[in-house]
Amino acid sequence: MFKTLSDTPTRVDIWFNGQPLAVPGDRSVAAALLAAGVSRFRSTPVSGAARAPFCMMGACFECLVEIDGVPSRQSCMVPVRAGMHIRSQEGARDLPPEPGADLDTLENAHAR
Ligand code: FES
């Protein structure tokens, strides 16, 4: 039913949760991680249940991961590239500090 773009996909080296992975390079981050056997992309903020890509077309947001330090990226919508540092997204995301906040007095960058 579905075909890859290439019969002989090039492999690229990425990092997932600090571990090196060689994945097919001609697809999205979500498809590449699934091909490499990754099944936990994020966890829910309330129960911590594991989640993984569902729609593969940008509609369900089950595939959110942190890519190169940027949280909440839809991995099914981002082409995989060599050298990417990807992390699973556990629980709720933090908000950035408010503009003008005194960062020296905050317990961390998120005022917690
Ligand atoms: S898998 Fe549904 S938005 Fe990415």
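All of the numbers you see were taken from the coordinates with simple rules; none came from a lab. These figures come from a predicted structure and were not determined experimentally. Cβ sites come from the backbone with ideal geometry, for glycine too, and all protein chains shown count toward neighbours.
Could you size up the charge dipole of the chain around its Cα centre, putting +1 on the beta carbon of Lys and Arg and -1 on that of Asp and Glu, and report it in debye to the nearest 20?
Values: 11 positive and 12 negative charges, 116 e Å.
Roughly 560 debye, rounded to the nearest 20.
Per residue of the chain, what 222 nm ellipticity follows from adding -39500 (n - 2.57) for every DSSP H run with n ≥ 4, rounded to the nearest 500?
-1500 deg cm²/dmol
Positive end of the charge dipole of the range 12-92 (Lys, Arg +1 and Asp, Glu -1 on Cβ, about the Cα centre): tell me which of 36, 46, 64 has its Cα farthest that way.
46
Taking amide H positions as placed in the peptide plane 1.01 Å from N, state which residues far from residue 78 in sequence (5 or more) or on other chains have amide H under 5 Å from it.
Here 29, 30 satisfy the definition.
Is the C-alpha gyration tensor of the chain telling us rounded, prolate or oblate? Criteria: a/c under 1.5 is rounded; beyond that, a/b larger than b/c is prolate, otherwise oblate.
Numbers: a/c = 2.56, a/b = 1.92, b/c = 1.33.
Because a/c hits 1.5 or more and a/b exceeds b/c, the chain counts as prolate.
Where does the charge balance sit around residue 64 when Lys and Arg score +1, Asp and Glu -1, over other residues with C-beta under 13 Å from its C-beta? Mind dumping the intermediate values first?
Values: positive: 40, 42, 51, 73, 87, 93; negative: 62, 66, 90.
With Lys, Arg at +1 and Asp, Glu at -1, the net is +3.
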